[in-house]
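A short worksheet on the structure shown next.
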Amino acid sequence: DGDASELERTRQYMNEAFQSGAMTCLICIASVKRNQAVWSCCGCFCIFHLVCIQKWAKDSLFLVSSPLTDDDFGKKDYPWPCPKCRFEYKRSETPSRYYCYCGKVENPAVDPWLVPHSCGQICEREFKPSCGHKCLLLCHPGPCPPCPKMVTTTCHCKKAKPVPRRCSAKEWSCRLPCGRILLCGQHTCENSCHAGDCQPCPRVSKQSCICGRQTAERLCASPQWQCDQVCGKCLPCGNHTCEQVCHAGPCGDCPRSGKRSCPCGKTKFTLPCTEDVPTCGDSCDKILECGIHKCSQRCHRGPCEICRQEVEKQCRCGKHTKRMPCHKPYLCETKCTKIRDCQKHQCRRKCCSGNCPPCDQVCGRTLGCRNHKCPSGCHRGSCNPCPETVDVKCNCGRSVIKVPCGRERTIRPPKCKQLCSRPPACHHSTQEKHYCHFGQCPPCHQPCQKKLTCGHLCPVSCHDKALVRQTGLHQSAGPWEQPSEPAFIQTALPCPPCEVPIPVYVSPLPCHSANPYSCKRFCGRLLDCQNHTCMKECHHVTKLNSSADRNKAGPECSQCEEECTKPRPSGCPHRCVLPCHPGDCPPCLQMLKIKCHCKLSVLYVECLKLTCADLKEKELLTSCKNQCPKELPCGHRCKEICHSGSCPLNCSQKVKLRCLCKRLKKEIQCSKIQEGQVSLECDALCKEMKRKASEIKEAEAKAALEEEKRRQQAELEAFENRLKGRRKNKRRKDEVEVEQSSWQKYKNLIMLPVFGVAVVVV
C-alpha cells in the first residue's frame, strides 16, 4: 500500500547498470564501465565518473568565487551543485575516493556476478524518512525501496483497533469523525480521521477587540483582534497621551519620565517630561568605527565622525608600512609572484595576502573535437568534452539527431522512416517501397513483365541490374602475384526462355501401347492458392469428379510455398502474415509508430485504423491531445490542441498596451494589436506633463548655456591677464639684451671734437 515510485527508480538504475553502455556520465557524455571509479549523488542517485565530478566541483567553485573581491575571497565556504539535480555540497564534501553504493567498501573489486560498482554486501542504509529499520537489499544503485517491515499501528485518531501494515504505509485513516476539541474550546473537529493538528474552527461569532471599543463577526478560531484606533488615554504625567494602538491592560508610565541619560551616557538628569535632555559638556569617548580610538568631541547628538588619527599601518602583504589616517586602508603596489593552482601562471595581484584566488585566465586549449577551444578557466589535467552539438542527418535530410561535437564522424546516421524518393534504375515505372538509405538502392524484385517473342510476359524477377562475376580480365604477371578476388559488375541479362506450358498435338499410338505417359513439360495446373501453377514435370493426376476441374491441381501436384504477394491497402507498409492464399488478405493488426503533429510525442496506432480512416479521423489519431508548443508570430504560445498545418493567427492572450508617454496602460487582446485595430492615445494630462517636461528641459538648457558663457568669459579674462604679464616680462628681457657697450655710449662725444678740429684745419 506504499509509494512505488522509489522502487521503480531503483529498478531503472539496476537495468541501466546491467546493460552494456546504458549508464552514461552526464559530464563527459561517455559510457560508465565496470572497471572505472564512479561517484553517486545522494539527491538524484545519478552516477558520474570520479574524475569528472572532481573537475566539475573545482570549476563550479571557481565560477562562484571569481566575482568576489580580494577581501572576501577564502572567508566563506561556497557550495558546488550536482550537474543533474543541483543538490548543493560543501567544499569539504568533494569526493576524493571511490566507494561502493552503500559506502562500506573502498575500491570495490570487479565481479561479473554482482551489480557493477557494488560490494555485494547488505545495503543497511537507513530508510528515508527514518523509521528505525535498514535496507535489506544487496548493495545497489538508486534510492532504497519503501520499508517492507510489518508493524501493528492504529489510525490517526486512535479510535480503531491496531492492524498490521507495512512500515512505509503505517499511517492510515479510519474515515470516522475526528471529534477532538478545537482550540476555541467550544466546538469539536467534524473532519474525518486525519493526521496532524486539526484545522482552525470554521464557525463565526461576534467578538470584541482587545480595547473593547469595537465588535465584529469573526472566525471562532481567532478570538483576539486589534482595531485601528489609537488608545489616546492621558498618561500619569498629565502632559502626553498613550500612542499605542488598541492594547490590553494599563497604558504604563510616560516614556519621557524618570532619569534620562545625556547623548554620551555619562550623566543622568531628572527632568520634567516636557523638557529635552541637554548635553553634559564632557568628552564623548565612544568607540569609533575603527574599533581602536575614541571620539574626542564633546558630548553631542547624532553619530560620531570617522577616525582621523594618524597611525602606522602595514599593507596586506606585510612588506611595507606607512603613516596615514586610521580610516583609510593601505595597499602597496608590489605584485605577487606565487604560482596559482593551475601551476602555469603567476598571481600578479597587487598587495596579495598570500591566499591567491584561482587562475582567472581562459584555458584556450584545443578540445578533442578539433573544432573548438576550451572555454573553462585555466586548469590542470585534460579538458572537458566540447559543449557544442552537431546535426547528423539521413540521406534525405528529414531525420536529424544532435550529437556532441566531434562524434559526427563516428556516429551512425539516424534511421529515417520516410520512403526512398530516388527514381527506379530499371525499366519499371515505380520501384519497390523501401525506407531512406545511403548508397545504392536494393535490387528490384518485381516481375520483369517484358514481352517475349512468343507473346507471353517474362515471369522472373527484374534482371536489368544483375550482379555478374568478371573472369579472365586480369592476367597475373607471374606465380609470385596473388590471385585477386573476382570483381562483380551490374549488367542487364536477357530474359530466360519461356516456360509457359502449351498443348501440343500427339501422334496416334497403337492400341496396345496407348497408355498415359509424361511429355516432360510443366504440369501447369492451378494450385489451391489460386495464384500459382504446378511446376512439376508432366505427371499422373487423380481423376476429378467434374470436367470443370480439369485444370485444377490434384493431390499429386506440388504445394505452393510462396509468400503472399497481393497488393496491400494504401498506406500499409507491412506484409501479409499468411502464406500465399486465395481471396482477400486479413486486416492488418500491427501497430504503427508515428509522431504527432507537434513532433514531440510518439504514438502507437493500429495500422488498420490508420489506413481505413478518413482525413478527419487521421487528424484525431495523429494528435497527442496536448497543447501545441509552436509560437505565434506575436511571440505567444499557441492555445490549440496538437494540430496539423499552421497555427491560427488570432492570438487570445491578454497584453498590456501603453500610450506614447508610458503613463496610461490597458489590457487588450493580442490579435487586435497585431491587426492595428486598437491604439491608446495620450490624454490631456499626458500632454500637460509633456509640456511641463519640455519647459523644464528648455530652462535647464538655457541655464547650462548661460553657465557655459560665464565660464568661457572667466577663462578669457584669466588668459588675457596671463598674456599681459608675459608681455611685460618680454619687454624687460629685450631691454636687457639691447643694452649698449661703453664705446657705443661715448663714441659720439669722442668723434665730434675730432671732426671739428679736422674741419678747422682744412
Residues of region 348-367 being surrounded by fewer than 16 Cβ atoms within 10 Å (Cβ to Cβ), of a type outside the set (Ser, Thr, Tyr) and assigned to a loop (DSSP other than H, G, I, E, B), in sequence order, are ARG348, GLY354, ASN355, ASP360, GLN361, GLY364, ARG365
Within region 418-461, of all residues that are open to solvent by 100 Å² or more (accessible area, probe 1.4 Å) and small (Gly, Ala, Ser), the one nearest to PRO567 (Cα to Cα) is SER429
Scan region 610-655 for residues that are crowded, with 16+ Cβ neighbours inside 10 Å, in contact with an Asp or Glu (Cβ under 8 Å, 6 or more places away or on another chain) and modelled with pLDDT under 85 and jot them down.
VAL655
Could you pull out the residue among GLY212, GLY185, GLY142 that is closer than 30 Å to GLY120 by Cβ and modelled with pLDDT under 85?
GLY142
LEU723 is checked against (1) outside any helix (DSSP H, G or I); (2) exposed (fewer than 10 other Cβ atoms within 10 Å of the Cβ); (3) not aromatic (Phe, Trp, Tyr) and fails just one. What number does that condition carry?
(1)
Which one of the conditions (1) assigned to a loop (DSSP other than H, G, I, E, B); (2) over 51 Å from the mean Cα position of the chain (by Cα) does GLU312 fail to meet, given that it meets all the rest?
(1)
Go through region 493-516 residue by residue and tally those that are at pLDDT below 75 and surrounded by 10 or more Cβ atoms within 10 Å (Cβ to Cβ).
2
Can you find a residue in region 166-184 that is of a type outside the set (Val, Ile, Thr) and without any contact (Cβ under 8 Å) to a residue 12 or more places away in the chain?
no
Pull up region 662-709, narrow it to residues that are part of a loop (DSSP other than H, G, I, E, B) and of a type in the set (Gly, Ala, Ser), then point me to the one that is farthest from LEU649 (Cα to Cα).
SER679
ASP276 being farther than 30 Å from THR334 by Cα, in contact with a Cys (Cβ under 8 Å, 6 or more places away or on another chain) and either modelled with pLDDT of 85 or more or charged (D, E, K, R) (or both)
no
Some residue of region 462-472 being closer than 22 Å to PRO567 by Cα and among the hydroxyl-bearing types (Ser, Thr, Tyr):
no
Filter region 563-608 for residues that are farther than 22 Å from TYR435 by Cα and open to solvent by 100 Å² or more (accessible area, probe 1.4 Å) and give the result.
ASP584
For region 89-98, enumerate the residues that are free of Cβ contacts under 8 Å to residues at least 12 places away in the same chain and surrounded by 13 or more Cβ atoms within 10 Å (Cβ to Cβ).
none
If LYS654 meets every condition in (1) free of Cβ contacts under 8 Å to residues at least 12 places away in the same chain; (2) in contact with a strand residue (DSSP E or B) (Cβ under 6 Å, 6 or more places away or on another chain) apart from one, which number is that one?
(1)
Residues that are open to solvent by 50 Å² or more (accessible area, probe 1.4 Å) and within 45 Å of the chain's Cα centre (by Cα), drawn from region 157-195
ARG165, ARG166, SER168, LYS170, GLU171, ARG175, ASN191, SER192, ALA195
Is it the case that some residue within region 404-422 is under 30 Å from ILE594 (Cα atoms), in contact with an Asp or Glu (Cβ under 9 Å, 6 or more places away or on another chain) and not hydrophobic (A, V, I, L, M, F, W, C)?
yes
Residue hits (region 157-190; assigned to a loop (DSSP other than H, G, I, E, B) and over 30 Å from GLN224 (Cα atoms)) are LYS158, LYS159, ALA160, LYS161, PRO162, LYS170, GLU171, TRP172, SER173, CYS174, ARG175, LEU176
Can you name the number of the only condition in (1) in a loop (DSSP other than H, G, I, E, B); (2) modelled with pLDDT under 85 that CYS264 fails?
(2)
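Each row is one residue, and each column tells you yes or no for (1) modelled with pLDDT under 85; (2) of a type in the set (Ser, Thr, Tyr); (3) within 41 Å of the chain's Cα centre (by Cα); (4) open to solvent by 30 Å² or more (accessible area, probe 1.4 Å).
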{"position": "CYS304", "(1), (2), (3), (4)": "no, no, no, yes"}
{"position": "HIS320", "(1), (2), (3), (4)": "no, no, no, yes"}
{"position": "CYS332", "(1), (2), (3), (4)": "no, no, no, no"}
{"position": "GLY377", "(1), (2), (3), (4)": "yes, no, yes, no"}
{"position": "ASP391", "(1), (2), (3), (4)": "no, no, yes, yes"}
{"position": "CYS394", "(1), (2), (3), (4)": "no, no, yes, no"}
Note: among CYS44, CYS102, just one is of a type outside the set (S, T, N, Q), modelled with pLDDT under 85 and touching a Cys at 6+ places or on another chain (Cβ under 7 Å), namely CYS44
Give the number of residues within region 222-244 that are closer than 30 Å to GLN199 by Cβ and either of a type in the set (D, E, K, R) or open to solvent by 70 Å² or more (accessible area, probe 1.4 Å) (or both).
4
Answer residue from region 112-124, given it is open to solvent by 60 Å² or more (accessible area, probe 1.4 Å) and assigned to a loop (DSSP other than H, G, I, E, B) and is nearest to ASN35 (Cα to Cα) among those:
PRO112
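The values are calculated or read from the model by the stated rules, or taken from the named source; none is laboratory data. Being a predicted model, the structure only gives us computed values, none of them experimental. Don't worry about glycine lacking a Cβ; one is built from the backbone with ideal geometry, like all the others, and counts go over all protein chains shown. Each accessible area value is taken on the protein alone, full model and side chains, heavy atoms only, with ligands, DNA and RNA left out. Shrake-Rupley method; radii C 1.70, N 1.55, O 1.52, S 1.80 Å.
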